[in-house]
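We did not get these values from a lab; they are worked out from the coordinates using the rules stated. Because the structure is predicted, anything quoted here is derived from the model rather than measured. Cβ sites come from the backbone with ideal geometry, for glycine too, and all protein chains shown count toward neighbours.
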Amino acid sequence: MEYVKLFDAEYRVMQIIWENEPFSSRELAEICAKELDWKRTTTYTMLKRLIDKGYAKNENTMVTSLISKEEVQKRESKDFVEKNFEGSLYSFIAAFTSDNNLSDEEIKKIQKLIRDSKK
């Protein structure tokens, strides 16, 4: 499946879906009304967009995701690095860490990630 980027509002709805699935489209509308101050029609429009993009389904009024949060985060991160750092993960990490003091634990986790990626 070709990656289709999510807009911020669509991502917010997907977060609600991931946190609550499976649940009814009516429940989705209620949560969006409470958390996002949206009308039911706005929620249903956004749900239709997510269905059309292949991110969610609404079968017999039950809403579920078709793609995991981790997969979306991976794709969004890759897109971000491509767009802002010319695809260089090193440049991204250098920019991110230049103003952030990493804890020893975070450094160990990043080093483990790098070691594990070589396998």
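Of the peptides 26-38, 66-78, 43-55, 98-110, the ranking by mean beta-carbon count within 10 Å, highest at the top, reads 43-55, 26-38, 66-78, 98-110. Hey, what angle do you get for helix 89-98 against the long axis of the chain, alpha-carbon based, 0 to 90 degrees rounded to 10? Computed tilt is about 80 degrees.
From the coordinates of this entry, log10 I(q)/I(0) by the Debye sum over Cα atoms at q = 0.13, 0.20 Å⁻¹ is computed, and it appears in (1) -0.47, -0.91; (2) -0.67, -1.03; (3) -0.49, -1.13 under the label (2).
Against the chain, whose longest principal axis comes from its Cα atoms, helix 69-85 is set at around 50 degrees. Taking a sphere under 12 Å around the Cβ of residue 61 and counting the other residues whose Cβ falls inside, with K and R at +1 and D and E at -1, yields a net charge of 0. Quick one: angle between helix 104-117 and the longest Cα principal axis of the chain, in degrees between 0 and 90, rounded to 10, please. Long axis of 104-117 versus the principal axis of the chain: about 90 degrees. Straight-line reach from residue 118: which lysines fall under 30 Å, measuring Cα to Cα and dropping same-chain residues less than 8 apart? Within reach: 5, 69, 74, 78, 83, 108, 109. Per residue, the convex hull spanned by the Cα atoms of region 8-69 measures out at 71 cubic angstrom. Each Lys or Arg adds one and each Asp or Glu subtracts one; over the other residues with Cβ under 15 Å from the Cβ of residue 97, this totals -2.
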